[in-house]
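Trainee: Below you'll find the structure I mean.
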Amino acid sequence: MAMTELSTPKTTSPFLHSSSRLSLSSKLHLSNQFRHLLLPPLHTAPSSKISCSVSQNNQAPVAVQDNGSVKTKKECYGVFLFGPDQPIALKLLGSERSIQALEGVAMELEDSLFPLLREVDIGTDPYEVFQDVEWALLIGAKPRGPGMERAALLDINGQIFAEQGKALNAVASPNVKVLVVGNPCNTNALICLKNAPNIPAKNFHALTRLDENRAKCQLALKAGVFYDKVSNMTIWGNHSTTQVPDFLNARINGRPVKEVITDHKWLEDGFTESVQKRGGLLIQKWGRSSAASTAVSIVDAIKSLVTPTPEGDWFSTGVYTNGNPYGIAEDLVFSMPCRSKGDGDYELVKDVEFDDYLRNRIAKELAFEILLLVLHVFLLDVGEFELAFEGFETGVGIFHVGRGEIY
């Protein structure tokens, strides 16, 4: 999916382009609309238990103001992603097999009367759909099914992102921002980046905001607070079962997590594993990858880049590692803590603490990502570039990969 911010702040035309020229944009708009609805609690049998949503007292924490009153939110219809006055044109990319479904999505978008949505075009040619786009959300990839690991998706999805990178390089806005959602998102983002040499490498992102949101939820539930009390949450690595949710630097109500949650065994084992395996557990429950929570995290990820980061806080996103201050191997896409001034750009956070536990976890994730990338490029011949890595106890070495060779 691609988006263009229309230059005119407001337009009088209420009609959308229902041409034969879209990915999954309805999720992006509809999910956050539903996010603001307050629904009554479900009636459950006395014997039923739902342990994933609330603590032992079976009552979810609520947001309260300083005077103790419950916060209320203004009604919001639609997502003001780039501000309350910025119209958006959506261009959504599908395949020949999905074009009818995309036409249905376009109809749904038209009927939803989103106040800032001005155009919807659907198509199957990325060189047409990506023309002049300023934000590209690369969602389309074969989804992970029950029991399927990310490595199994390599030979299926690699070529998709190589071709999309070439198309973006040829016709998109020179400063286009690219957010890769399709898994394995870090590797796919790097492949896309390597096939788009005219676009700044810093403009490519891999979505790890869903993992950040999941981690915040688990910490909030354990501490018995609302999720907005959790800050400085970092996901190191990839959206995978080897990712590293960083509780060392995270804070609850401004205090270090390890001071608020004194069960450090749970933090190292229960918390970490619950975040790493949350996606797989969800697939087991309903047979498909997350949808609504992913859409919400996409919105959150973009808002983090177009809204100034609150003082002292940061967010997680998978970005190009060249020049990073942590000793992470260069020439990778790896999730790290970032701050933004709200201009679409970001900077890496420098005041991050490391202990032996965190450093060893990152080292294992880094080694796994390097091996996965080498396997990916070796099997698919999707590019040719050099990997140099050292630090974080991974050893030191250089791979030159491409054209079916590793040396």
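The values are calculated or read from the model by the stated rules, or taken from the named source; none is laboratory data. All values derive from a computational prediction rather than experimental measurement. Glycine also receives a Cβ, built like all others from the backbone with ideal geometry; neighbour counts cover every protein chain displayed. These area figures cover heavy atoms from the full protein model, side chains too; ligands, DNA and RNA do not enter into them. Shrake-Rupley method; radii C 1.70, N 1.55, O 1.52, S 1.80 Å.
Trainee: Pairs needed: first member in region 89-101, under 13 Å from LEU117 (Cα atoms); second member anywhere, among the aromatic types (Phe, Trp, Tyr) and open to solvent by less than 30 Å² (accessible area, probe 1.4 Å); C-beta distance under 9 Å; at least 6 residues apart or different chains.
Mentor: Filtered contacts from region 89-101: LYS91/PHE130.
Trainee: Where the second residue is hydroxyl-bearing (Ser, Thr, Tyr) and part of a helix (DSSP H, G or I) and the first is farther than 15 Å from VAL244 by Cα and lies in region 206-231, which pairs have Cβ atoms under 6 Å and are six or more apart or on separate chains?
Mentor: CYS217/TYR227; ALA220/TYR227
Trainee: Ok, one more. For ILE302, which of the numbered conditions (1) farther than 18 Å from GLY140 by Cβ; (2) surrounded by 17 or more Cβ atoms within 10 Å (Cβ to Cβ) fails to hold?
Mentor: Condition (1) is where ILE302 drops out.
Trainee: Which one is farthest from LEU93 (Cα to Cα), of the residues in region 103-120 that are out of contact with any Phe, Trp or Tyr (no Cβ under 9 Å at 6 or more places or on another chain) and among the hydrophobic types (A, V, I, L, M, F, W, C)?
Mentor: The extreme case among them is LEU117.
Trainee: I'd like the full set of residues that are within 13 Å of LYS216 (Cα to Cα), in contact with a strand residue (DSSP E or B) (Cβ under 6 Å, 6 or more places away or on another chain) and open to solvent by 40 Å² or more (accessible area, probe 1.4 Å), limited to region 246-275.
Mentor: Within region 246-275, just ARG251 meets the criteria.
Trainee: Please state which one of THR242, THR234 is within 21 Å of LEU372 (Cβ to Cβ), buried (at least 21 other Cβ atoms within 10 Å of the Cβ) and not acidic (Asp, Glu).
Mentor: Going through THR242, THR234 in turn, just one is within 21 Å of LEU372 (Cβ to Cβ), buried (at least 21 other Cβ atoms within 10 Å of the Cβ) and not acidic (Asp, Glu): THR234.
Trainee: Pull up region 215-251, narrow it to residues that are modelled with pLDDT under 95 and among the polar types (S, T, N, Q), then point me to the one that is nearest to the chain's Cα centre (by Cα).
Mentor: ASN238
Trainee: Is it true that some residue in region 278-291 is within 29 Å of LYS350 (Cβ to Cβ), open to solvent by less than 30 Å² (accessible area, probe 1.4 Å) and out of contact with any strand residue (DSSP E or B) (no Cβ under 7 Å at 6 or more places or on another chain)?
Mentor: Scanning region 278-291 turns up no residue that is within 29 Å of LYS350 (Cβ to Cβ), open to solvent by less than 30 Å² (accessible area, probe 1.4 Å) and out of contact with any strand residue (DSSP E or B) (no Cβ under 7 Å at 6 or more places or on another chain).
Trainee: From LEU193, LEU207, which residue is open to solvent by less than 30 Å² (accessible area, probe 1.4 Å), over 11 Å from the mean Cα position of the chain (by Cα) and closer than 25 Å to LYS350 by Cβ?
Mentor: LEU193
Trainee: Can you go through ASP331, ASP313 and tell me which one is surrounded by fewer than 17 Cβ atoms within 10 Å (Cβ to Cβ) and not hydroxyl-bearing (Ser, Thr, Tyr)?
Mentor: After applying the criteria, what remains is ASP313.
Trainee: Let me ask something else. Of the conditions (1) aromatic (Phe, Trp, Tyr); (2) within 21 Å of VAL176 (Cβ to Cβ); (3) modelled with pLDDT under 95, TRP286 fails just one. Which one is it?
Mentor: (2)
Trainee: Sort out which residues of region 159-188 are at pLDDT below 95, open to solvent by less than 10 Å² (accessible area, probe 1.4 Å) and within 16 Å of HIS239 (Cβ to Cβ), and write them in order of number.
Mentor: Residues satisfying the conditions are PHE161, GLY182, PRO184, CYS185, ASN186, THR187, ASN188.
Trainee: In region 341-372, which residues are in a loop (DSSP other than H, G, I, E, B) and open to solvent by 10 Å² or more (accessible area, probe 1.4 Å)?
Mentor: Correct list: LYS341, GLY342, ASP343, ASP345, TYR346, LYS350, ASP351, VAL352, GLU353, PHE354, ASP355.
Trainee: Do the conditions hold for ALA106, that is, is it in a helix (DSSP H, G or I), open to solvent by 50 Å² or more (accessible area, probe 1.4 Å) and modelled with pLDDT of 90 or more? Before the answer, list the steps.
Mentor: On the way: in a helix (DSSP H, G or I): yes; open to solvent by 50 Å² or more (accessible area, probe 1.4 Å): no; modelled with pLDDT of 90 or more: yes.
So ALA106 does not fit the description; no.
Trainee: With (1) buried (at least 21 other Cβ atoms within 10 Å of the Cβ); (2) closer than 28 Å to PRO256 by Cβ; (3) not small (Gly, Ala, Ser) as the list, and PRO325 as the residue in question, which single condition is left unmet?
Mentor: Looking at each condition in turn, PRO325 falls short on (1).
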